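Note sheet for the following structure.
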Amino acid sequence: MTLFGLVRRAIAARKSPVFQVTAIVGGLFIAAGARWIADRGAHGAPFVTFLPVVVLAAIFLEWPYAVIAACASVAFVVGLFGEHARLEANFMNYSLWSAFAFIAAFMIVLGHILRQAFIELDAQSERIRGFNAELQHRTKNTFQIVRALASRASRSTDPVEFYKTLSGRLDAMAKANELLASGIVEACEMADLVKAAMQPFPAWAIQASGPAACAIAGEPAMQLMMALHELGTNAMKYGALSVDGGRVAITWTKTGTLIALVWEEQGGPPVSPPTETGLGARLLSPAGPLREVDLDYRREGVVCRIAVDAAG
């Protein structure tokens, strides 16, 4: 790391109150000792060794402690070099005290602005590193999912069915990524996720309800989006959304660190369990962030209960 990087890190680093007070006291005693060794305060420049302490405090410490350093400098000057530094009615003394007050105030303000800028730069750098790591992780997961989707969908003997299956599931992934800003956003609200997942299906037949403030993290959101898309696709083909009178109710609640979602179909044709399993069965099975998946093929309509990790 360069010298500038070390200085920048030292400026932006959070420091305890004990450390800051200790640094001020140490700096003031060093300044007083240097001033006493130089001329014992006999030449009328009382702040010459104390001003650097104020400047350093303004840059490296929080602004209240820089103010303390400035006020303590005045106390040291008056207390130790009183005969030579007390404010007397002449132009020179007025100028010295005014110059110290102006420079101290200016450096405290400037140091605070500089320190806040460095803190913000460090925070942005940390966020960028996190974004890059999350983007790499999500890209890797996306490629793995696409490969699995293509592998399972390619088993279809009908090219048109293969295209519809693959494109539909890729579209669900795209919506999840769009909702999560390609992995940059760490979480999204359940209401937004359900709305996005159900966008391809008839809105008049779907009723969604749950607490407004219920966030789900990025990876669970991707998995749940895929699962909801699979449920919606099956409902359009065989279930409640395949007839005019069918309805789907989606509800969710949050308990501790888990979100419990219930998908319930009503008014559709009689339901029977599928005779074949494919990728849909994998998407609707407990894995990773999908802690529990209970798929009940009731004759009056499919009911699916899913427990997924909530955002921390």
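At-a-glance table
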quantity: Which numbered condition K254 fails, given (1) within 22 Å of A196 (Cβ to Cβ); (2) touching a strand residue (DSSP E or B) at 6+ places or on another chain (Cβ under 6 Å); calculated: (2)
quantity: Residue check for N93: open to solvent by less than 40 Å² (accessible area, probe 1.4 Å), at pLDDT below 85, in a helix (DSSP H, G or I) and not small (G, A, S); calculated: yes
quantity: Residues located in segment 182-208, provided they are of a type in the set (A, V, I, L, M), modelled with pLDDT under 80 and open to solvent by 40 Å² or more (accessible area, probe 1.4 Å); calculated: I184, V185
quantity: Failed item, numbered, when R305 is tested on (1) within 27 Å of L170 (Cβ to Cβ); (2) modelled with pLDDT of 85 or more; (3) crowded, with 17+ Cβ neighbours inside 10 Å; calculated: (3)
quantity: Some residue of segment 231-242 being within 14 Å of V308 (Cβ to Cβ), at pLDDT 85 or above and open to solvent by less than 30 Å² (accessible area, probe 1.4 Å); calculated: yes
quantity: Unique residue being without any contact (Cβ under 8 Å) to a residue 24 or more places away in the chain, over 18 Å from L110 (Cα atoms) and small (G, A, S) when the list is A13, A75, A32, A23; calculated: A75
quantity: Sole exception among (1) modelled with pLDDT of 85 or more; (2) assigned to a helix (DSSP H, G or I); (3) surrounded by 20 or more Cβ atoms within 10 Å (Cβ to Cβ) for I216, by number; calculated: (2)
quantity: Qualifying positions in segment 243-266 - part of a loop (DSSP other than H, G, I, E, B) and either under 19 Å from D171 (Cβ atoms) or open to solvent by 50 Å² or more (accessible area, probe 1.4 Å) (or both); calculated: V243, D244, G245, G256, T257
quantity: Scan of segment 1-10 for residues that are without any contact (Cβ under 8 Å) to a residue 24 or more places away in the chain and in a helix (DSSP H, G or I), ordered by number; calculated: L3, F4, G5, L6, V7
quantity: Out of T257, T233, sole residue that is hydroxyl-bearing (S, T, Y) and within 19 Å of C188 (Cβ to Cβ); calculated: T257
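The values are calculated or read from the model by the stated rules, or taken from the named source; none is laboratory data. Quantities reported herein were computed from a predicted structural model and do not represent experimental measurements. Here Cβ is always computed from backbone atoms with ideal geometry, including for glycine, and neighbour counts include all displayed protein chains. Just the protein is used for accessible areas: all its heavy atoms, side chains included, with ligands, DNA and RNA removed. Shrake-Rupley method; radii C 1.70, N 1.55, O 1.52, S 1.80 Å.
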